[in-house]
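Notes follow the structure.
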Amino acid sequence: MKHYTSIHDIDNIKAWVEDAKALKQDPLKHIELGKNKTIGLLFFNSSLRTRLSTQKAALNLGMNPIVMNVSGDAWGIEFGDGTVMNGNTAEHIKEASAVVSQYCDIIAVRAFPTLTDKVKDESEHVMNSFKKYASVPIVSMESATGHPLQGLTDAITIAEHTKVTKPKVVLSWAPHIKALPHAVANSFVQAMQKMDVEFVIANPEGYNLSPEITGDTPIIHNQEEAFANADFVYTKNWSSYNDYGKVLNTDSSWTITKDKLGEAKFMHCLPVRRNVVVEDAVLDSDSSLVIEQANNRTFAAQLVLKKILENNK
Amino acid sequence: MKHYTSIHDIDNIKAWVEDAKALKQDPLKHIELGKNKTIGLLFFNSSLRTRLSTQKAALNLGMNPIVMNVSGDAWGIEFGDGTVMNGNTAEHIKEASAVVSQYCDIIAVRAFPTLTDKVKDESEHVMNSFKKYASVPIVSMESATGHPLQGLTDAITIAEHTKVTKPKVVLSWAPHIKALPHAVANSFVQAMQKMDVEFVIANPEGYNLSPEITGDTPIIHNQEEAFANADFVYTKNWSSYNDYGKVLNTDSSWTITKDKLGEAKFMHCLPVRRNVVVEDAVLDSDSSLVIEQANNRTFAAQLVLKKILENNK
Amino acid sequence: MKHYTSIHDIDNIKAWVEDAKALKQDPLKHIELGKNKTIGLLFFNSSLRTRLSTQKAALNLGMNPIVMNVSGDAWGIEFGDGTVMNGNTAEHIKEASAVVSQYCDIIAVRAFPTLTDKVKDESEHVMNSFKKYASVPIVSMESATGHPLQGLTDAITIAEHTKVTKPKVVLSWAPHIKALPHAVANSFVQAMQKMDVEFVIANPEGYNLSPEITGDTPIIHNQEEAFANADFVYTKNWSSYNDYGKVLNTDSSWTITKDKLGEAKFMHCLPVRRNVVVEDAVLDSDSSLVIEQANNRTFAAQLVLKKILENNK
């Protein structure tokens, strides 16, 4: 593995989950591995968990994190090929990635989708441009179509909390007032498809994720039916994929309630809008794993950075 | 002491002042204490001294500081209980504090008051929410009603510079064009009330601080009378407390001049508007202790962090 | 050397170039030199290379970098002498520099020119105020009239890549849609004037740099004539100096093309607007040294910091 920008960069998710659990037991064990190495964290978008946990992961490996808000701190970046740059962008990604590669041993990038241009978003032009023009490994801290550090985190959390050999996991859409990306949902689907779980997706009609992603995974439009006997309910809003980037409804009948949840554990990547996506009674109960998930972000990131550092020794 | 969010968290201010003076003599003595520990500095508002001195204090203890501008870097935070979050806030303080607690061994927070809602400000809803929902110690880097790192700093500075056993200290209001918080003044009052000093407050009518804070401390509306025989004149603007958050006057007769100051030392927490709050002749003279105060910010913060780290070993 | 704010602070550019090349061979050799020392990087303006390479340079010397966007993170700074500060600025540079000096062993500052007030810009009021009021060394990360870390970088890069004893170096103006500072061009001119090179400047009429800077250096208004037999073509846009800060033309006949360049190496400080300043065919060819230049920013900064640390031991 050179880069980590997709769940498909995980060769063996079960082994990775075990490795991450071991790191969590002894986070400072490899503090010499990243000594005098620098990781650049480049944010095109807001972040709390990713921003802090990736820094923490790097520090646990002895690395020096350098954080930059690309838009606010630096220059507008141009991604087009052959563009005459007489507009708002002042620096081309070709130069930006090559240059940053010389100051950082690893570059981590967060770049959300437009949600208006499906072709552009699916081309992953930001992340792929970094991979193309940088000379060092690239880690996705969420791109247009995936959030693989979150997906790995979620696999770890499910492995830690399952009480059965093959748990039933449901990914459920929930309402939200804004148009949100598909990235977290996509990476969760891809992670679950690699795990030894019974996995179904629950979403209203019109909200099916990309069929390229969902593949053979059952999609159920009846939330109650999907939730039957669930061990884990992973909740996330996303905007429509077919009617790309649109909010088709904010149907509060899809809000997650304690009643619907039953004995299942509740998961969400955060941030979560309380009483819109999920009611307080769920988040404030022992059924919620959201804080534990956030904690595992550190160890997912640390495992990825550790593997990259080891590959490049 | 678990948290440090008020001058009242200081059990023995004289002992703390001596401890801080000792740290100042040998700032790197405890560089192993915070090794591999992380402090998160969360800013809801602007900062120069606090931002830099708290990082410096953490570095002197071997800690890794992680700095975040909450509003710009992360998500709008919701503090209301039971809110249906379908507005501008994307993350609830319950999740935010619990999550950050997992990446940081100490969380330091700056959150200014609204100055429009006295009840909300006096409830210290931001700082208290962090204390309630975080699982690690919270340090105030200035909250709605107090700036206890500044208050401790000021106690240290007065102790260093006094030439008499029981100096006379005056806290004087001075004019300013904007509505400013009461936090610095409040913490200074509370610190002086614990010190062995003769302490009076000078402010125009309508500018009395909260009587809960000032208690028995004499309040004098005649600046000249208050300044008589003063050893230290601590100057600060604040907006009206009674007519909450209002600028009632910008009376330049309250500006601090060299004439008024006499033999007293001048103190101010900075930033200070020259020739509005105080004339150049004071700031540019040997009577001014403002730079020395700013220097002591490092050692006040370092003492607080040291005590917290020692309590949590 | 106490401060580094001008190419004229270099006593012997050939020796410095050799020192920087040695650092580049063994960047971590002096990692103990800056141990427990702090450098404050204060940005009044955007930055990518400078922001990252100066941090990297500091880390290579074992220093702790503290980065601050002055405008966004802290307070509006007043530079005027005797100002009644009842406007938008909240803190005077006198206090700001003295205060930051107490938290940082070196202060690095980026502050661009107004490009509307030539007298103010040429007075270098920001950089000179820091030098005047700070008690620690000041490093320019680009000021109103110079970018000496870039100039040193460029000298290193030319020394590394020249194949002849005395190469011909051309500084060529190129078009741009926005009014840009003269700083990079000025420092490049000053650096070349100290190097053993044949040096000419090519720019359209109306675009001569300050005669104080250019001195005896030939200025040629015919780009083709200037480029004849060039070994290095250093390209940069700048706004008019005579008609101060104005964009007199955006004449694309001055755009650098592969044709014009011939056998010469292409240099630019970046960021560069592709197909406005220079065509893709140049940047994407082996003739371009721009990425290597950016790499050398680390070693130029590291040399400057090393010299300052050694002077202050």
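Structure summary
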| quantity | calculated |
| --- | --- |
| Positive-end extreme of charge dipole, segment B:149-293 - chosen from B:N229, B:V169, B:L248 (charges on Cβ) | B:L248 |
| Rel. contact order, % - alpha carbon contacts under 8 angstrom, at least six apart, segment C:59-214 | 18 percent |
| Other-copy label distances relative to C:G72, 7 angstrom Cα-Cβ extension, nm | 0.4, 0.4 |
| Bins of 10 Å from zero: percent of alpha-carbon pairs in segment B:205-255 | 20, 54, 25, 1 |
| Total formal charge among the other residues, if their Cβ is under 12 angstrom from that of C:Y234, Lys/Arg +1 and Asp/Glu -1 | +1 |
| Spatially proximal aspartates and glutamates relative to A:K118 (Cα-Cα < 20 Å; intrachain offsets below 8 disregarded) | A:E78, A:D81, A:E142, A:E205, A:E212, A:D243 |
| Fewest-first ranking of A:T157, C:T83, using other Cβ atoms within 10 Å as the exposure measure | C:T83, A:T157 |
| Farthest positive-ward along chain A dipole, Cα basis, beta-carbon charges - from A:I201, A:N88, A:A74 | A:A74 |
| For segment C:212-229 versus segment A:1-34, the gap between their alpha-carbon centres in whole angstrom | 57 Å |
| At 1.306 mPa s and 10 °C, Stokes diffusion of segment C:149-293 via Kirkwood alpha-carbon radius, µm² per second | 107 µm²/s |
| Across C:K178/C:K260; C:K35/C:K56; A:K37/C:K56; B:K37/C:K307, pairs whose alpha-carbon gap is larger than 20 Å | C:K178/C:K260; B:K37/C:K307 |
| At R0 = 41 Å, FRET efficiency that the Cβ-Cβ distance of C:E160 and A:K194 yields, to 0.05 | 0.30 |
| Residues of type aspartates and glutamates that C:K258 reaches as a straight line, Cα spacing below 17 Å, ignoring anything fewer than 8 places off in the same chain | C:E224, C:E225, C:D231, C:E279, C:D280, C:D284, C:D286 |
| Cα-Cα P(r), the protein assembly as shown, percent of pairs per 20 Å interval | 14, 41, 35, 11, 0 |
| Pairwise Cα inverse-distance average, inverted: Kirkwood Rh of segment B:1-79 (Å) | 14.5 Å |
| Around A:K307: net Lys/Arg minus Asp/Glu count, Cβ-Cβ under 12 Å | -1 |
| Neighbour net charge for A:E212 - beta-carbon separation under 14 angstrom, K R +1, D E -1 | -3 |
| Order of B:E124, B:E18, B:E224 - criterion: other Cβ atoms within 10 Å of each residue's Cβ, fewest first | B:E224, B:E18, B:E124 |
| Inter-copy separations for C:N222, label at 7 Å along Cα-Cβ, nm, ascending | 8.6, 8.6 |
| Residue order, fewest to most surrounding Cβ atoms within 10 angstrom, among C:Y103, C:Y244 | C:Y244, C:Y103 |
| Dipole magnitude of chain C about its Cα centre (Cβ charges: Lys, Arg +1; Asp, Glu -1), debye to nearest 20 | 840 debye |
| Choice from C:V278, C:V99, C:V164 showing the highest fluctuation, given a GNM over chain C with Cα pairs closer than 10 Å | C:V164 |
| Chain C: DSSP helices with Cα axial extent of at least 27 Å and average Kyte-Doolittle hydropathy no lower than -0.5 | C:290-311 |
| Percent of C-alpha pairs per 20 Å bin, chain A, short to long | 33, 57, 10 |
| Fluctuation leader among B:S287, B:S239, B:S187 - chain B, Gaussian network, Cα springs under 10 angstrom | B:S287 |
| Inter-copy label distances at C:L248 (7 Å, Cα→Cβ; nm, one decimal) | 6.1, 6.1 |
| Axis-nearest residue of A (beta carbon) for the A-onto-C rotation, whole Å | A:G72, 4 |
| Between segment A:173-202 and segment C:35-104, the alpha-carbon center distance in angstrom | 44 Å |
| Cα centre as origin, Lys/Arg/Asp/Glu Cβ charges: the protein assembly as shown dipole, Debye | 1800 debye |
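No lab work stands behind these numbers, since they all come straight from the coordinates. These numbers were taken from a predicted model, which means no experiment stands behind them. All Cβ positions, glycine included, derive from the backbone under ideal geometry; neighbour counts span all protein chains shown.
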